[in-house]
Each structure stands twice: as C-alpha cells, then as structure tokens.
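Asks: The structure's right below; bear with me while I get my questions together.
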Amino acid sequence: MIKNKKVNYDVSFVLLRSVGKVIFYTVLIVGAIAMIIPFIYMVSTSLKPMASLFTYPPQIFPTNITFSNYLRMWEVFGIGRYFLNSTIIAVPAVLINVFLSSLTAYGFAKFDFPGKNIFFTILIATLAVPGLLLVIPQFQMISSVHFLMNNQLTIILTDGIGGIAFNAFFLRGFFEGIAKDIVDAAEIDGCNQFQIYYKIILPQSLPALGTLAIFSFGGIWDDYFWPSLILSSQSKWTLPLGILAFQGEYGVQWNLVFAASIIAMIPTLAIYIAFQKYFVQTISEGGLKM
Amino acid sequence: MKRSTRLKVVGVFFVLPGLISYFGWTLYPIFYAFLISLYKWNLNPDLPSKFVGLTNYIAMFQDPVAGTAFKNTILYTVITVPGQMFLGFLIAYALNKKIHGQTTLRLLYYLPVVTSWIFVSLIFEYLFSGYGGLVNYIFHTNIQWLSSPSMAMIPIYVLGIWKGIGWSMLIFLAGLQGVPPSLYEAAQIDGANRWNLIRHITLPLLKSTVMFELVMLTIGGFNVFLSVWVMTSGGPMNSTQVVSVYMFQQAFDYFNFGYGSALSVMLFVIVFIIAQIQRRWLKSND
C-alpha cells in the first residue's frame, strides 16, 4: 500500500512538473508570437495587391502574392535615392562617432590629467538630459551658418559627434578591463601611446566597438527629427523622411508603405542578426553601473 | 619632459576632440536652451529677440494643451517603464536557463528593439486601424482606437511596452549572468521556493541593473516622440499630445522658439529631479 502511494505521488509530481513546463513554454512562445506578428503582417501586407488590403476578415497570409509593390517603390517612388542618401550619411557618421568615442573613453580609462574627474562627472551628469532640450539651440547654431543648412555633411558631422557622453561611459569599462601587462609590454617594445591604442586596445575591444557601432548605426539610420529640420530638398532626404512623406500623401496604400519600410529596415536587421552573439557578452562585461 | 607629465599631455590629447565636441554640441546648447526660453526668440540674428523673462513659463502653466502634454508624457512613462521592466525581467529569467530554442527566442524578443520607431509606429497604426484592423479582428472589438480621444493613448502605450521588452530583457540577461549558480543551489537546499529565490537572491544582486534600467527607461519615456508623431500627431483634439510633439509643433510649425524651449526646459527639470530621486531611493535600499 505504502509503496503504491509513493509511486502515485511520484507520477503526479512528474506530471505537475511537465504541466508546468508546458505552461512555461506556451507563455514564452505566445509572447514571442506577439513580438513577431506585427512584422509578419507587415511583410504579408507588402506582398498584397491593392484589392486584398481591405478584405474582411483581414488576410494574415495573402491569397494573391505580388512583388509589384517593391518594384513600384523602386522605379516610381525612387526609394533607391533615399537609400543612397541614408548610406552616404550613416557610414561616415558611425565611423566618426565610434572613433571619437573610443579616443575619449580611452583617455579617461588610461590617463591621469588635471580635471579628469570633474570632466567625467559632468559627462555622466548630463546623461539624463533629454535630446529634446538640445534641438532648438542646435538648430539655431546650424541655421545661422548658411552653408550648413540643407547639407548632408551637417548631418554626418552632428551625428558623428552626438552621444559621446554615453558612448565614452559605455566604452571606458571595457578599456579598464584590458590587462595592464599587455600595455606595459608594448611600451617596452617601443610603441608610443597612440600606437598602443591603435594596435592593441582597439583590436582587443572589437566586440565592444562593434556593439557601439551597431547602436550608433541604428540611431543614425532611423533618425527623423534632426534631418527633417536640416534637409529641405527632397533629393537629399534619407529613408525615414521619404517614407513618412509618402505615407502622409498616400496614407491608405499600406502595401506600398510597408514595401518601402521593409527595404529601409533590411540593413539594420541584417547587421543585428550577423552580430547578435556579441550583444549579451559585450553588455555583461561592460560597466553598466551608475 | 618627465614621463608622468608626458602621459598627462598625451591623455589630454586623447580626450580633447571628444570633450570639445561635447562642450560645443551638448553642454553649450543646454545653457543656450535656458537662455532662449527667456526670450520671444527670433531665429534670424538680424531681427532682434525680445527678452520676456518668465513669460513663456507663465504661459505654459496657463496653457491647457501643455497641461495635457505633460500629463500624457508622465502617464506614458509611469505605464510603460514598469511594463517593460516587469515583462523584460520575466523573459530574461526564463531565457537564462538552458532551454531549447533559447537563441531564437532571444532574437525574436529583441527584434522590435532594433527596428526603427518610424516603421513599428506605421505597423501599429495599421494594426490598430478602426475598420478591418487586425487588433479589432483578433479581439472581436469595433473600437476606433486612434480616432477616439479616450482610446488613442492605448496603442501608444502598447507600442511603447512591446518595443522595449527586448531591451529590458537583454540588460537583465546580462545582469543575471553575474549571479553565481552556487547561490541558488545553497538556497534551494535551505528549502527556499522560486519566489523567495527571486525576491531575496536575484533581485538584490541585480540592483545596479535595475537602477540602470529604471533611469534609462525613464529618460526614454519622457522623450517619447516618434510613435505619437506618426500615429496621431498629438490628435485627436490634442488628446495624445506629449511634450516632445507639442514642442516640435510650437517651435517648427508656429516658430515659437522661446515657448518651445520653455517646454523642453521644464521637461528636463522634471526628468532630472526624478532621476535624482530614483538614484537616492535605490541607494538607500541597501
């Protein structure tokens, strides 16, 4: 009798555990579906002809599939131009941003100089400043120089020097973590400080720099607010400006809007998926402490 | 030159370019914004700007739209920040274990984070459209989400939480990796249940992570802009007006730069005070 009871208990315990597991997985998977349904619906809408847009019930998986929306956005709307503009701006801006941030972070991590602690405290204190506060004065500064208005170079430079405070704060932790004897050995070998930074520190920090570059790229590629103030000619617009203007004009043609949006989203998604294994590693090693 | 002096000079050279651009492009504009907010400001340097003292601030307190904008911005932060942190923590906790499809699930949850606010806002505008929108279809409702003043903030909240869960999850995952598994084992032997483990071991060890998330997400919440701009532009009848959108409209549609600056300074003051309180509060909880 007793023996039987024990077996029963074990069975129900195992059962309970597997029921728990089933619930656990179900919740995780339902959550994940809620995360991707909007994207699936976006892709499927971009493949629908106009006539299928307003059917009821809405089609999550379209019965008629067409690629003509993409072709139309490319040929008639000229999304290639916006794509090119976004690239021309984002690539140099990211390079400037990462280079400048890493120089600053390394200076703070490795060297002692007068006022170092005060400067770093000021950097940290202004992390809480909303970007909103800066827009009007920054626009005033740019708009008083005629050459800088309606000029893509302005966006490259301003995006390139933006966000230094956060980036320096983010990178400093990694640079401090690099073993001191590697640096000392290089110094004995006759490297000067800039060579040490360039030949040893940067290669050692590639995952951190890569993560920063991806964050920086995402922010610059997607920025709408600032370029919309500076770039007045349509021929200089970036993807967000072009697509929002198109949506404002042809709002209900969601199939076309989403075809354009997907073209614009591809670079960020591709970069993220290619480098995703670095993220958790980088962030857990970094100094995310305030 | 002595070695230590030489190193100091080199150090200054390393930080100089970054500091110059920071002072010129961040610190100076902060003070400049305060200054502009005291003027009836004219962008054109040839036309005089008139000093008006605190007039813009007084006008702000008498402006019912500004009141709605601040109320909505604060509500948005109060609703979306705990939402993101709670769900982000749950998912991070679940995905911290070795389970099947761990990487794929992490990737799926993180997907909204890496997509631009503009495009996810466009998707949500479509999902929440009144006629034939997917949300109304799935829940068998017939709500004019974005065109009814009492409902229009809801899609904006949902989007804010949906987009931020992945980020919150990622930061919590990073924090959870620093919790040694041996601690759990010891507590389990002592007979602690799962809730006790979370409450007394995991969360205290994650304090700096929680603090970082709270501060960053609060700043982000107060800066809410593109989702409102794309989905409602602050309408219908200013019911979804938030500070950033209202500032943008005042400054760049009506050229009230002084008033726009006053709005942004006010927002900055609120964020700054809240960030200080959060820091104190979390530090005192040791």
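The values are calculated or read from the model by the stated rules, or taken from the named source; none is laboratory data. Everything numeric in this text was worked out from a predicted model, so none of it was measured. FYI the Cβ positions are ideal-geometry reconstructions off the backbone, even for glycines, and counts take in every protein chain you see.
Asks: Would you please name the residue that is nearest to A:I262 (Cα to Cα), looking only at residues in region A:34-68 that are more than 11 Å from chain B (Cβ to nearest Cβ) and of a type in the set (A, V, I, L, M)?
Replies: Only one residue fits best here, namely A:L47.
Asks: Let me ask something else. Given the structure, is B:L19 within 9 Å of chain A (Cβ to nearest Cβ), over 27 Å from the mean Cα position of the chain (by Cα) and free of Cβ contacts under 8 Å to residues at least 40 places away in the same chain?
Replies: So B:L19 fails the test.
Asks: Here are B:Y32, B:Y22, B:Y28, B:Y39: which of them is under 18 Å from A:N167 (Cβ atoms) and of a type in the set (S, T, Y)?
Replies: Only one candidate passes the filter, namely B:Y22.
Asks: Among the residues of region A:122-153, which ones are over 21 Å from the mean Cα position of the chain (by Cα), surrounded by fewer than 21 Cβ atoms within 10 Å (Cβ to Cβ), touching a residue at least 40 places away in the same chain (Cβ under 8 Å) and in a helix (DSSP H, G or I)?
Replies: Within region A:122-153, A:I124, A:F139, A:I142, A:L148 meet the criteria.
Asks: Now for a separate question. Quick test of your reading of the structure: B:F139 fulfils all but one of (1) without any contact (Cβ under 8 Å) to a residue 24 or more places away in the chain; (2) farther than 20 Å from A:I37 by Cβ. Name the failing condition by number.
Replies: (2)
Asks: Mind telling me which of the residues B:H200, B:H140 ends up being modelled with pLDDT of 85 or more and over 20 Å from A:F215 (Cβ atoms)?
Replies: Among B:H200, B:H140, only B:H140 is modelled with pLDDT of 85 or more and over 20 Å from A:F215 (Cβ atoms).
Asks: Give region A:29-57 a look and list any residue that's modelled with pLDDT of 90 or more and crowded, with 18+ Cβ neighbours inside 10 Å, or say none.
Replies: Scanning region A:29-57 gives A:A32, A:M35, A:P38, A:F39, A:Y41, A:M42, A:S44, A:T45, A:S46, A:L47, A:K48.
Asks: Would you confirm, using the coordinates I've provided, whether A:F99 is in contact with a Gly (Cβ under 9 Å, 6 or more places away or on another chain), within 14 Å of another protein chain (Cβ to nearest Cβ), part of a loop (DSSP other than H, G, I, E, B) and not acidic (D, E)?
Replies: no
Asks: Also: Considering only residues that are more than 7 Å from chain B (Cβ to nearest Cβ) and closer than 26 Å to A:I155 by Cα, look in region A:102-119 and name the one that is nearest to the chain's Cα centre (by Cα).
Replies: For region A:102-119, the residue satisfying everything is A:S102.
Asks: Taking only region A:184-207 into account, find how many residues are more than 14 Å from A:L103 (Cβ to Cβ), touching a helix residue (DSSP H, G or I) at 6+ places or on another chain (Cβ under 6 Å) and aliphatic (A, V, I, L, M).
Replies: Qualifying residue count, region A:184-207: 2.
Asks: Could you please let me know if B:Q249 is of a type outside the set (S, T, Y), within 14 Å of another protein chain (Cβ to nearest Cβ), closer than 30 Å to A:F225 by Cα and surrounded by fewer than 15 Cβ atoms within 10 Å (Cβ to Cβ)?
Replies: no
Asks: Can you name the number of the only condition in (1) in a loop (DSSP other than H, G, I, E, B); (2) touching a residue at least 24 places away in the same chain (Cβ under 8 Å) that B:S227 fails?
Replies: Unmet for B:S227, out of (1) in a loop (DSSP other than H, G, I, E, B); (2) touching a residue at least 24 places away in the same chain (Cβ under 8 Å): (1).
Asks: Determine the pairs where a residue that is farther than 24 Å from A:G160 by Cβ, located within region A:186-215, has a partner that is part of a helix (DSSP H, G or I) and not β-branched (V, I, T) with Cβ atoms under 6 Å apart, the partner being 6 or more residues away or on another chain.
Replies: Taking only residues 6 or more apart or on different chains, the pairs are A:I196/A:A186; A:I200/A:A186.
Asks: Has region B:81-91 got at least one residue that is more than 11 Å from every other protein chain (Cβ to nearest Cβ), over 12 Å from the mean Cα position of the chain (by Cα), surrounded by fewer than 16 Cβ atoms within 10 Å (Cβ to Cβ) and among the aromatic types (F, W, Y)?
Replies: Yes: one or more hits.
Asks: Here is a follow-up. I'm told A:M265 meets every condition in (1) farther than 23 Å from A:L127 by Cβ; (2) away from chain B (no Cβ under 11 Å); (3) modelled with pLDDT of 85 or more; (4) part of a helix (DSSP H, G or I) except one. Can you identify the failing condition by its number?
Replies: It is condition (2) that A:M265 fails.
Asks: Right, next: Quick check on my filter: what residues within region B:36-51 are within 18 Å of B:M266 (Cα to Cα) and either among the basic types (K, R) or surrounded by fewer than 17 Cβ atoms within 10 Å (Cβ to Cβ) (or both)?
Replies: Within region B:36-51, just B:K40 meets the criteria.
Asks: Among residues belonging to region A:243-267 that are crowded, with 20+ Cβ neighbours inside 10 Å and under 21 Å from A:P92 (Cα atoms), point out the one that is farthest from the chain's Cα centre (by Cα).
Replies: Out of the qualifying residues, it is A:A264.
Asks: Next up: Return the pair list, or none, for Cβ contacts closer than 7 Å from residues in region B:34-63 that are within 12 Å of B:Y259 (Cβ to Cβ) to residues that are basic (K, R) and part of a helix (DSSP H, G or I), at least 6 apart or on different chains.
Replies: Cβ pairs passing all conditions: none.
Asks: Quick check on region A:173-191. Is at least one of its residues among the acidic types (D, E), surrounded by 15 or more Cβ atoms within 10 Å (Cβ to Cβ) and assigned by TED's automatic domain parsing to the domain that holds A:L132?
Replies: No, the conditions are met nowhere in region A:173-191.
Asks: Only one of these conditions is not met by A:I89: (1) part of a helix (DSSP H, G or I); (2) of a type in the set (V, I, T); (3) not assigned by TED's automatic domain parsing to the domain that holds A:W254. Which number is it?
Replies: In the conditions (1) part of a helix (DSSP H, G or I); (2) of a type in the set (V, I, T); (3) not assigned by TED's automatic domain parsing to the domain that holds A:W254, A:I89 misses (3) alone.
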